[in-house]
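Q: Starting off with a structure, shown below.
The values are calculated or read from the model by the stated rules, or taken from the named source; none is laboratory data. Source: prediction; values computed, not measured. Here Cβ is always computed from backbone atoms with ideal geometry, including for glycine, and neighbour counts include all displayed protein chains.
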There are 2 protein chains.
Amino acid sequence: MEQASSAGLSNLDQQLNKRKVVDQTGPYQRTFRLDFQKTSRAVYVVGSVLKANLKRNAPPGSNYFSVKCSPRVQYRISPPPAENGLLPIPINGNTMLLITMGTASEMENDSKLSVLYYGEKTKELGKAVVHFTAVEISLDVDADRDGQVERNNPNKGSWMWGPNGHGAILLVNCDSERVYGKKLDTLSAEVTRVSDLKDMSPMMLRTRGPPKLPQGYKLAIHISQGDAETVRVYKTRSTEGVHQTLKNLFYNSFVKDYPLVLGFKNLSKEVPYPGGNAEMKFYVEGLRFPDKDFEGLITISLSLLEPSSGDFPETPIFTDKVVFRVAPWIMTPNTLNPVEVFVCSTSDNYEFLKGMRKLVEKSGYKLKICYEYMNRQDRWMQDEIEFGYIDSPHQHFPVVLDSPRDGGLQDFPYEELLGPDFGYVTRTAYNEVVSSLDSFGNLEVSPPVTVNGRNYPLGRIIIGVAFPTATEGRNMTKVVQDFLWAQKVQRPIALFSDWLVVGHVDEFMTFVPAPDKKGFRLLLASPDAAYKLFRGLQKDGHGQAKMFDGLGPGQEITVDEILSDEKLLAENNYVQSCIDWNRDVLKRELGLDDDDIIDLPILFHVIEDNRAVAYYPDMVNMIVLGKNLGIPKPFGPKVDGRCVLETEMTNLMKGLGVRCTYIDDFASYHKNLGEVHCGSNVRREPFSFKWWNLEM
Amino acid sequence: MEQASSAGLSNLDQQLNKRKVVDQTGPYQRTFRLDFQKTSRAVYVVGSVLKANLKRNAPPGSNYFSVKCSPRVQYRISPPPAENGLLPIPINGNTMLLITMGTASEMENDSKLSVLYYGEKTKELGKAVVHFTAVEISLDVDADRDGQVERNNPNKGSWMWGPNGHGAILLVNCDSERVYGKKLDTLSAEVTRVSDLKDMSPMMLRTRGPPKLPQGYKLAIHISQGDAETVRVYKTRSTEGVHQTLKNLFYNSFVKDYPLVLGFKNLSKEVPYPGGNAEMKFYVEGLRFPDKDFEGLITISLSLLEPSSGDFPETPIFTDKVVFRVAPWIMTPNTLNPVEVFVCSTSDNYEFLKGMRKLVEKSGYKLKICYEYMNRQDRWMQDEIEFGYIDSPHQHFPVVLDSPRDGGLQDFPYEELLGPDFGYVTRTAYNEVVSSLDSFGNLEVSPPVTVNGRNYPLGRIIIGVAFPTATEGRNMTKVVQDFLWAQKVQRPIALFSDWLVVGHVDEFMTFVPAPDKKGFRLLLASPDAAYKLFRGLQKDGHGQAKMFDGLGPGQEITVDEILSDEKLLAENNYVQSCIDWNRDVLKRELGLDDDDIIDLPILFHVIEDNRAVAYYPDMVNMIVLGKNLGIPKPFGPKVDGRCVLETEMTNLMKGLGVRCTYIDDFASYHKNLGEVHCGSNVRREPFSFKWWNLEM
């Protein structure tokens, strides 16, 4: 006994350090009852501490006690008995017995602890005997984010951002394993293809102990009511490792092999204790992206339940928990490498398609054409969808965000893009007006920036809205804005785009890669730059040079005529003031200097409701494919047979190591109030930077 | 010129340091256009920097420039001209002119800056002339939380927790200024009583400048669409200070004196420029408590709008913003001083009322009785309501949270409690089952605690729910749980209370003040403690002592009979395991040691659905009034004419400096499955600790 009460102490401490069944609140401590005049059974979870008040259930008149136990059991008396080595030990109201066991039992009830109670030192009043079964239980996830489910990570029960952070990651299973008869995987509460398991986060229940638990003890896995709509958990029918049976190898149906254990209708479910040294694999499926009412964190718990006498419900005596964060939807800026380029084929865009095909092939990427049966004459490939991706240590795939715009291209993202490892998400505007500002030409993202010491390694989302001071005006729907904000990792910036008829930020800004400074330049449309250029032409004697040369009768207009148009000047002064406001916001919110910005010579004119459109093809509305820029051919005045707008544009891009290709989109896009960027879309490679390494 | 370009630089820096129109992104910088061959007018906001690219609007062929300005204007050339002192200065594409003014103008257009452009050093090509009007504009709030609206706090545009934090505070205007025909003030978009202004946060627009702004310039105050349902802004009709007119003193209607400027239907509103050195006072009214979908932060902006030519909309050229956080609803633990005690009068509770009146009067507090016409025989004053408060540097008042329980007392909180400086809030369960767990005997709050180094100076909220492992069970409604979590400052703990028939945490726990240790003790009901006491009685020869003595025929039962009831023992073993589970959670989540907890001898018995109620009056269900405890009279077995349960209880409270008073609630409360605490409610003083000083 003396041995146990001193050596037991250091064993206990060693063991707690070694096993780390600790969260922020120290080792898992449980109030334990010792029933005198009774032999009871108890299951002990290795790493926890059982704490029994010795007086609580002692026989009346008990003044002393002594403890005996089998070798696997350690105990400590608190406060430590004063009379060292003397037995029995005096008992009072605060005398506590702390019990631990270092390793799992091999058989049920293979360990034992007895407490003898005495009135006087010699008179035995009663005896509490407990037979212990020790088990190791751990619900495990990839909390260190290395793609492997490690053993009992001490931080698995919480989530922290950053390179020194921790906490597991969950994907919204928003792709469709089926190619035909497809359906978002989140809509089926079953695993229909083994490939679907890749999109889920693995989770392990690891146990060590006797072949079975004592009668009535159970394991249960559970989630809270609040998480019920955000997550499902499946398990493998077989236990992997020592207890796998051949039977399972012959199952054909995955539905049967991976039964649903937790979901909307099942917040708690018993799981079998696998016995011995075993692990049971679970697959966790995310169902909802972070949003205004969902932070993105999900807790899954596993409890060991102790039977009660009679019909009373079981009581959980040990709970282990793991926390997941649902991966956000991430957008990809122009500085990331393209993978695929998408355009529409319409009855009138043959020339444009030819130009695009040449550019894309030259750049070495894949051109994908959406044909008329699918696009229904809707050519605005930029506007119906935005490509992004979701990422985790175990899986990543592209996810298309479908705009509530719902034009002719409405079915394209679901019917053509959604598929195995290609996800889909949308937001529906139930009580809101959907306007032109909901098209995703009005949704862009900056390259990575640092703003006053704060890093945005995934850039910042950019949307266009009405002036905050406007008493009326068009806005992006709140459901889409809320979704974008809730993703958190690319904190949005709202620009003013409602001054445009179409109202998209891509009509006055874009980003191109650069070898120096911040790795990119912001390009802004600039009427001032256009007037400067035209005035220079006039001064140099080219006032009679014609814009729109060769585009048909009545189209042409001379530089002199443009410069003498007072109305056009007034309109462009207004446009410049709108763009300058956005320029100041972008400088502030992206931490840009003036020399990070290049002004492109572009004129606008006002056609309705005091709102503007590009006067000639809007060169800033370009497609960026690595080092190749596909720029709307501006049809500017010619000097020495060369378009001065193209020359100026190409000059402005000098030093950036990019190649400018001018694509004729005049008839089929410009005349319809859009350009190259509006009529195309690019799926890009994901960032190499992992979103969970963000410091938030 | 030389003077200006060198001295101007240091002036500018001094001035930026002095004025602090800076947020995290440095001084407010604006892209400014200099139009050559034109005289223009501009309004400058003191503290901002105007930045003009000199080449952008220069006449074609400009190679040099020079600058002249009146004394109030300072400028700096960037990059600084190489040839010091030589005029004119060479111009290139990057030459920037940074313009500032140190003080506000006295007259419109009283300052001037001209830029002359030259082709060669002598040939003047054009001249840009700007007449400046400088104004000081600041939207001000109490961002340093001292109850005063300071001038232009540099941190007013963001919100930070903690004693070194910043950011203004807003109350939900959830009281009713009217006593008759009352209505929550948030339901009226008008100021009907001058007293209502106290419940709003003052906000000032402070300006300095000429008597009026140049033609077409306007000020507008605005909020975002997302904040529209959370805030209203009123203004005083008169400007205070120099421009107040006598007329306003004779207005009778406050509606007219404090017109609504911003609200659900008005996201932006022009406000008059008051002229000269003036301030305009606004009152900001919070409409919604933080909740699952509302973090609690609200931004209000003020912009200066510049006219555009023709019919074009104005452009904001300067925006100042302030951020408020809506004050959370805060609960008050038993350790805070009482103010008022509430009980119901029913047809059968005369004895109880007498006991309560004596106790409350002895304790020196006010007893408020809710009569039958209002309580409709609903005696459970604890269950329909929870008292709390809201707090800000300028105002605080009690706020009652009305439970979705809606028993006979349903109208009491709105009809009797709501009033001037007494707020009301409720949550409605639209799609959820309301159960007994929604009664607020199931909603308590701990005294201040520190848990593993984390401080909870306002304590932690405690609610009771079903076991997380239960496949079915009763819970508190999600709308109420979401509300409690969203308040953030008293992070909730969920206990297991569904093992009780009534299912309230106050049936097995309470807190009492203590002079030592953590300043309080947690009291827990303990069947083990009751059995220990009864076994001691039996052992000492008092087995024939009777419980429920004198309560009528058939009630009495001896200690021996109780101890020989095996069914009762099994039930209490189960109850003890339920309470022990809660004990372990409370220890972990409140950072308690075993000696912070006192076990009270209380037995339960199971009456339906395996759920328990107190066997004899449940002493833990007490009312705590400072140092006076009003405890249900337990009617325990008597030894030497004294109830041993009372004696034990009083002994257990020894050393805490509290006085125990036993109140007979047997017939009117205990028999109806409740006790003293269930039948009463206490409004307490607010914490002296200010919630905004929490470190989050």
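Q: Tell me, which strands (runs of 3 or more DSSP E) lie completely within segment A:485-588 with 1 or more residues that are closer than 23 Å to A:Glu472 by Cβ, modelled with pLDDT of 95 or more and in contact with a strand residue (DSSP E or B) (Cβ under 8 Å, 6 or more places away or on another chain)?
A: Qualifying strands (runs of 3 or more DSSP E): A:493-496.
Q: Taking the condition without any contact (Cβ under 8 Å) to a residue 12 or more places away in the chain, within 25 Å of B:Asn53 (Cβ to Cβ) and within 14 Å of chain B (Cβ to nearest Cβ), does A:Gly536 pass?
A: Here the answer is yes, as A:Gly536 does meet what is asked.
Q: Across segment A:419-460, what is the number of residues that are among the β-branched types (Val, Ile, Thr), in contact with a Gly (Cβ under 7 Å, 6 or more places away or on another chain) and within 14 Å of chain B (Cβ to nearest Cβ)?
A: So the answer is 3.
Q: Here's something else I'd like to know. Just need a number here: residues in segment A:570-586 that are at the interface with another protein chain (Cβ under 7 Å from one of its Cβ atoms), among the aliphatic types (A, V, I, L, M) and in contact with a helix residue (DSSP H, G or I) (Cβ under 8 Å, 6 or more places away or on another chain).
A: Of the residues in that region, 0 qualify.
Q: In addition: Any idea which of A:Glu120, A:Glu108 is over 28 Å from B:Leu592 (Cα atoms) and under 51 Å from the mean Cα position of the chain (by Cα)?
A: When all the criteria are applied, what remains is A:Glu108.
Q: Right, here's the next one. If A:Asp549 passes every condition in (1) within 14 Å of another protein chain (Cβ to nearest Cβ); (2) over 22 Å from A:Met653 (Cα atoms) but one, which one does it miss?
A: Here A:Asp549 meets the rest and fails (1).
Q: Out of the residues in segment A:61-78 that are under 23 Å from A:Ser105 (Cα atoms) and part of a loop (DSSP other than H, G, I, E, B), which is nearest to the chain's Cα centre (by Cα)?
A: A:Arg72
Q: Then there is this: With outside any loop (DSSP other than H, G, I, E, B) and outside the structural domain of A:Lys488 (by TED's automatic domain parsing) as the only criterion, which of A:Lys321, A:Lys354 stands out?
A: Testing whether each residue is outside any loop (DSSP other than H, G, I, E, B) and outside the structural domain of A:Lys488 (by TED's automatic domain parsing) leaves just A:Lys321.
Q: Can you tell me which residue among B:Ala134, B:Ala58, B:Ala52, B:Ala143 is more than 53 Å from the chain's Cα centre (by Cα) and either within 14 Å of another protein chain (Cβ to nearest Cβ) or closer than 30 Å to B:Tyr273 by Cα (or both)?
A: Values: B:Ala134 fails: more than 53 Å from the chain's Cα centre (by Cα); B:Ala52 fails: more than 53 Å from the chain's Cα centre (by Cα); B:Ala143 fails: more than 53 Å from the chain's Cα centre (by Cα).
Of the residues listed, the single one that is more than 53 Å from the chain's Cα centre (by Cα) and either within 14 Å of another protein chain (Cβ to nearest Cβ) or closer than 30 Å to B:Tyr273 by Cα (or both) is B:Ala58.
Let's see how each residue does on (1) among the hydrophobic types (A, V, I, L, M, F, W, C); (2) surrounded by 15 or more Cβ atoms within 10 Å (Cβ to Cβ); (3) not assigned by TED's automatic domain parsing to the domain that holds B:Pro492:
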residue	(1), (2), (3)
B:Leu563	yes, yes, no
B:Leu568	yes, yes, no
B:Asn572	no, yes, no
B:Gln576	no, yes, no
B:Trp581	yes, yes, no
B:Asp584	no, yes, no
B:Glu589	no, yes, no
B:Asp593	no, no, no
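Q: When B:Glu589 is evaluated against the numbered criteria (1) within 10 Å of chain A (Cβ to nearest Cβ); (2) farther than 15 Å from B:Val505 by Cβ; (3) charged (D, E, K, R); (4) out of contact with any helix residue (DSSP H, G or I) (no Cβ under 7 Å at 6 or more places or on another chain), which criterion, by number, is the only one it fails?
A: The one condition B:Glu589 does not meet is (2).
Q: Can you go through B:Met374, B:Met331, B:Met356 and tell me which one is among the hydrophobic types (A, V, I, L, M, F, W, C) and out of contact with any strand residue (DSSP E or B) (no Cβ under 7 Å at 6 or more places or on another chain)?
A: B:Met374
Q: Of all residues in segment A:130-148, how many are part of a loop (DSSP other than H, G, I, E, B) and crowded, with 22+ Cβ neighbours inside 10 Å?
A: 3
Q: Any idea how many residues of segment B:274-318 are over 21 Å from B:Ile169 (Cα atoms) and within 14 Å of chain A (Cβ to nearest Cβ)?
A: Step one: list which residues in segment B:274-318 are over 21 Å from B:Ile169 (Cα atoms), which gives B:274-278, B:303-318.
If we keep only those that are within 14 Å of chain A (Cβ to nearest Cβ) too, we end up with B:303-318.
Of the residues in that region, 16 qualify.
Q: Looking only at segment A:162-197, count every residue that is in contact with a strand residue (DSSP E or B) (Cβ under 9 Å, 6 or more places away or on another chain) and within 30 Å of A:Ser303 (Cβ to Cβ) and tell me the total.
A: So the answer is 15.
Q: Kindly evaluate A:Ile623 against the criterion of being at pLDDT 95 or above and more than 10 Å from chain B (Cβ to nearest Cβ).
A: When the stated conditions are applied, A:Ile623 passes them.
Q: Just checking, how many residues over segment B:326-351 are assigned to a strand (DSSP E or B) and either among the aliphatic types (A, V, I, L, M) or outside the structural domain of B:Val399 (by TED's automatic domain parsing) (or both)?
A: Residues in segment B:326-351 being assigned to a strand (DSSP E or B) and either among the aliphatic types (A, V, I, L, M) or outside the structural domain of B:Val399 (by TED's automatic domain parsing) (or both): 6 in total.
Q: For B:Tyr373, are the conditions met, namely being without any contact (Cβ under 8 Å) to a residue 24 or more places away in the chain and either farther than 27 Å from B:Ala514 by Cα or among the small types (Gly, Ala, Ser) (or both)?
A: Working: without any contact (Cβ under 8 Å) to a residue 24 or more places away in the chain: yes; either farther than 27 Å from B:Ala514 by Cα or among the small types (Gly, Ala, Ser) (or both): yes.
So B:Tyr373 passes the test.
Q: Also, quick follow-up: Report every pair of residues separated by at least 6 positions or lying on different chains whose Cβ atoms are under 6 Å apart, first residue within segment B:461-478 and closer than 20 Å to B:Gly441 by Cβ and more than 7 Å from every other protein chain (Cβ to nearest Cβ), second hydroxyl-bearing (Ser, Thr, Tyr) and in a loop (DSSP other than H, G, I, E, B).
A: Qualifying pairs under 6 Å: B:Gly464/B:Ser497; B:Arg474/B:Ser435.
Q: Between residues in segment B:205-216 that are under 15 Å from B:Ser40 (Cβ atoms) and residues that are surrounded by fewer than 18 Cβ atoms within 10 Å (Cβ to Cβ) and of a type in the set (S, T, N, Q), which pairs lie under 8 Å by C-beta distance while being six or more apart or on different chains?
A: B:Pro214/B:Asn109
Q: When only residues in segment B:407-427 that are among the charged types (D, E, K, R) and farther than 14 Å from B:Glu386 by Cβ count, which is surrounded by the most Cβ atoms within 10 Å (Cβ to Cβ)?
A: Among them, the one singled out is B:Glu416.
Q: In addition: Between residues in segment B:217-231 that are more than 10 Å from every other protein chain (Cβ to nearest Cβ) and residues that are charged (D, E, K, R), which pairs lie under 8 Å by C-beta distance while being six or more apart or on different chains?
A: These pairs meet every condition: B:Tyr217/B:Glu306; B:Glu229/B:Arg288; B:Thr230/B:Arg288; B:Val231/B:Glu285.
Q: Please give the number of the condition B:Leu401 fails out of (1) in a strand (DSSP E or B); (2) surrounded by fewer than 19 Cβ atoms within 10 Å (Cβ to Cβ).
A: Of everything listed in (1) in a strand (DSSP E or B); (2) surrounded by fewer than 19 Cβ atoms within 10 Å (Cβ to Cβ), B:Leu401 misses just condition (2).
Q: Every residue in segment B:542-592 that is among the acidic types (Asp, Glu) and free of Cβ contacts under 8 Å to residues at least 60 places away in the same chain, please.
A: B:Glu556, B:Asp560, B:Glu561, B:Asp565, B:Glu566, B:Glu571, B:Asp580, B:Asp584
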